[in-house]
Amino acid sequence: MGITAIRGFNDILPEEAELWRHIEEESFMVFSSYGFSEIKAPIVEKTELFSRSIGETTDIVEKEMYTFLDRHGDSLTLRPEGTAPVVRAYIEHKLYESPVTKLYYAGPMFRYERPQKGRYRQFYQIGAEVLGDGSPQADAEALGMLMGLFDRIGLEGAMLQINSLGCPDCRPAYKKKLYAFLLDRKESLCDNCKRRIDANPLRALDCKNPGCVEATKDAPSIIESLCADCADHFRKVQARLERLGIKASINPRMVRGLDYYTKTTFEITASGLGSQNAVAAGGRYDGLVNELGGPRTPCFGFAMGVERLALLLKENGVFKKKPLSVFIALGENAEMKGMELLKGWRQKGLKIAEDFSGGSLKSRMKRADKAGARYVLILGEDELGHGEITVKDMATAGQERVKWEFVADRIAP
RNA sequence: GUGGACGUAGCUCAACCGGUUAGAGCACUGGACUGUGACUCCAGUGGCUGGGGGUUCGAGUCCCCUCGUCCACCCCA
């Protein structure tokens with residue numbers, strides 16, 4: 001074998017790309033119906049943007065980023081997630097001049113992880129961010145939008161889990177309380193949790209190691225330690241979700257891998273993905289804009305993984321393609337006239353591939369079938385003389401002669 | 001980054017205990033059938049057995065290294 005794609009980077013072949021396109025189109029349509037607009041941010045940013053926003057001690061920043069020096073010696077990084085670039089652009093272009101900004105984006109992200117099913121080094125995310133709205137309504141609306149989208153594209157069995165991580169007023173106190181609790185039981189924790197107990201004790205709640213699970217069984221719950229404002233916010237989010245008919249289970253142990261989250265966080269999982277079972281996740285990040293040099297701006301956002309969605313939709317998703325027709329001309333006269341006719345039909349929006357390759361009609365029919373044609377349009381000397389064309393429906397095997405001007409009506413869905 | 005399973009034709013997989021020229025189905029090309037696909041029949045193309053090294057008279061098969069895929073951990077969308 002010659003040169004191959006690098007590990008964790010995949011080619012998305014036409015068949016799968018079509019499904020991806022469908023996922024994107026449906027997402028964009030739903031997002032725009034909620035008043036979101038698209039933003040396109042660069043794929044490469046200054047390393048500092050990510051280390052400051054995601055958190056110096058997170059796994060992503062510590063060992064998963066594609067970081068390199070450019071020719072001027074600046075440290076640059078391939079974006080490992082989409083929120084930080086969007087927030088950077090939001091601040092840089094002073095989009096905060098308007099009260100609320102709703103943005104969505106789609107594109108590749110990069111993390112140096114060990115590839116697995118549903119986890120690649122280049123992966124695609126579609127995300128949305130509401131900037132400048134701190135209300136519980138914003139959280140619930142965004143979640144409603146996301147669940148509605150999943151419903152629309154035919155994703156089955158999506159489970160929503162929510163939690164609240166508090167704010168700078170209540171989280172430090174909780175962290176201290178949890179830290180003290182863990183310190184007492186340090187000996188039963190796994191090495192990994194022991195190591196990060198100082199920097200990020202919350203992580204221990206998320207650990208699947210049996211010793212850690214047992215040790216943290218009676219750990220203090222973040223939800224019971226929220227300040228009045230955060231508790232009120234969380235309660236209101238739940239009430240609004242209920243009103244929208246969205247079932248959410250509360251998981252006080254769910255911790256995010258990015259440091260910027262505050263208050264509401266969530267994760268949507270689906271079975272059938274193995275251990276990489278999250279299809280979308282996100283939450284509130286009220287401090288990030290300010291931290292990156294903008295005004296105090298409460299925000300809520302999320303991202304979904306396109307590879308994982310595609311994986312699930314391949315099983316049970318539903319979308320119908322525009323029918324393909326294949327045009328076959330018999331003889332040079334028909335070929336010449338055919339080019340003219342095709343131009344007109346395509347302008348009307350018909351999807352028509354042509355087969356001028358010659359060979360027997362049989363072999364060309366065969367090729368049309370292989371190409372997935374719903375209709376085959378045959379133009380021979382006989383049809384040519386009558387201003388007609390033979391339209392064969394490959395699904396029913398029936399065929400009829402149709403006047404040229406009625407072809408568009410005949411094969412339109 | 002750790003542990004494990006597996007890499008044979010474009011795809012899915014065979015090949016006994018190490019033994020002749022590595023097979024089959026699907027797919028592809030052509031024909032049976034020169035104005036009709038899918039179904040049937042016939043023929044054909046297609047392989048450095050992931051790559052490299054070793055053991056052996058002999059390696060797809062055993063050993064080592066390497067690359068890759070998958071699973072679990074980890075992490076996360």
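The values are calculated or read from the model by the stated rules, or taken from the named source; none is laboratory data. Model, not experiment: these values are computed from the prediction. With ideal geometry, Cβ positions are generated from the backbone for all residues, glycine too; neighbour counts draw on all protein chains shown.
Annotations for the structure displayed:
- Scanning region A:205-238 for residues that are under 30 Å from residue A:135 (Cα atoms) and either small (Gly, Ala, Ser) or part of a loop (DSSP other than H, G, I, E, B) (or both) yields A:219, A:220, A:221, A:222, A:225, A:226, A:227, A:228, A:231.
- Qualifying residue in region A:182-190 (condition: over 28 Å from residue A:303 (Cβ atoms), modelled with pLDDT of 85 or more and exposed (fewer than 15 other Cβ atoms within 10 Å of the Cβ)): no
- Restricting the first member to region A:112-131 and to residues that are closer than 21 Å to residue A:38 by Cβ, and the second to residues that are assigned to a strand (DSSP E or B) and among the polar types (S, T, N, Q), the beta-carbon pairs closer than 7 Å and six or more apart or on different chains are A:131/A:101.
- Restricting A:377, A:384 to residues that are under 27 Å from residue A:14 (Cα atoms), more than 6 Å from RNA strand B (Cβ to nearest atom), at pLDDT 90 or above and not polar (S, T, N, Q) narrows the list to A:377.
- Exclusive hit being of a type outside the set (Phe, Trp, Tyr) and within 16 Å of the chain's Cα centre (by Cα), set A:13, A:69, A:76, A:19: A:19
- Residue within region A:260-270 that is surrounded by fewer than 18 Cβ atoms within 10 Å (Cβ to Cβ), among the small types (Gly, Ala, Ser) and touching a helix residue (DSSP H, G or I) at 6+ places or on another chain (Cβ under 8 Å) present: no
- Which listed residue is in contact with a Phe, Trp or Tyr (Cβ under 7 Å, 6 or more places away or on another chain) and within 11 Å of RNA strand B (Cβ to nearest atom), from A:110, A:123: A:110
- The residue list A:273, A:258, A:244 contains one member that is touching a residue at least 12 places away in the same chain (Cβ under 8 Å), within 21 Å of residue A:158 (Cβ to Cβ) and within 20 Å of the chain's Cα centre (by Cα), which is A:273.
- The one condition from (1) in contact with a strand residue (DSSP E or B) (Cβ under 9 Å, 6 or more places away or on another chain); (2) more than 20 Å from residue A:110 (Cβ to Cβ) that residue A:49 does not meet is (2).
- Residue match in region A:369-377 (condition: surrounded by fewer than 19 Cβ atoms within 10 Å (Cβ to Cβ), without any contact (Cβ under 8 Å) to a residue 40 or more places away in the chain and under 17 Å from residue A:345 (Cα atoms)): no
- For region A:19-47, the set of residues classified as among the charged types (D, E, K, R), surrounded by 13 or more Cβ atoms within 10 Å (Cβ to Cβ) and either within 12 Å of RNA strand B (Cβ to nearest atom) or in a helix (DSSP H, G or I) (or both) consists of A:24, A:26, listed by residue number.
- Restricting attention to region A:273-287, the residues being of a type in the set (D, E, K, R) and either near RNA strand B (Cβ under 6 Å from one of its atoms) or not in a strand (DSSP E or B) (or both) number 1.
- If the condition is being surrounded by 12 or more Cβ atoms within 10 Å (Cβ to Cβ) and more than 7 Å from RNA strand B (Cβ to nearest atom), then region A:357-367 contributes only A:364.
- Scope region A:69-80; condition part of a strand (DSSP E or B) and either within 16 Å of RNA strand B (Cβ to nearest atom) or closer than 13 Å to residue A:48 by Cβ (or both); matching residues: A:75, A:76, A:77, A:78
- Answer from A:204, A:180, A:199, A:219 - the residue that is small (Gly, Ala, Ser), under 23 Å from residue A:56 (Cβ atoms) and over 30 Å from the mean Cα position of the chain (by Cα): A:199
- Scanning region A:256-272 for residues that are touching a strand residue (DSSP E or B) at 6+ places or on another chain (Cβ under 8 Å) and not in a strand (DSSP E or B) yields A:256, A:261, A:270.
- Residue count, region A:295-316 (criterion: in contact with an Asp or Glu (Cβ under 9 Å, 6 or more places away or on another chain) and in contact (Cβ under 8 Å) with a residue 12 or more places away in the chain): 13
- Elements of type strands (runs of 3 or more DSSP E) in region A:90-200, at least 2 residues being among the β-branched types (Val, Ile, Thr) and assigned by TED's automatic domain parsing to the domain that holds residue A:289: A:122-131
- Test for residue A:87: is it within 16 Å of RNA strand B (Cβ to nearest atom), surrounded by 14 or more Cβ atoms within 10 Å (Cβ to Cβ), closer than 20 Å to residue A:282 by Cα and under 21 Å from the mean Cα position of the chain (by Cα): yes
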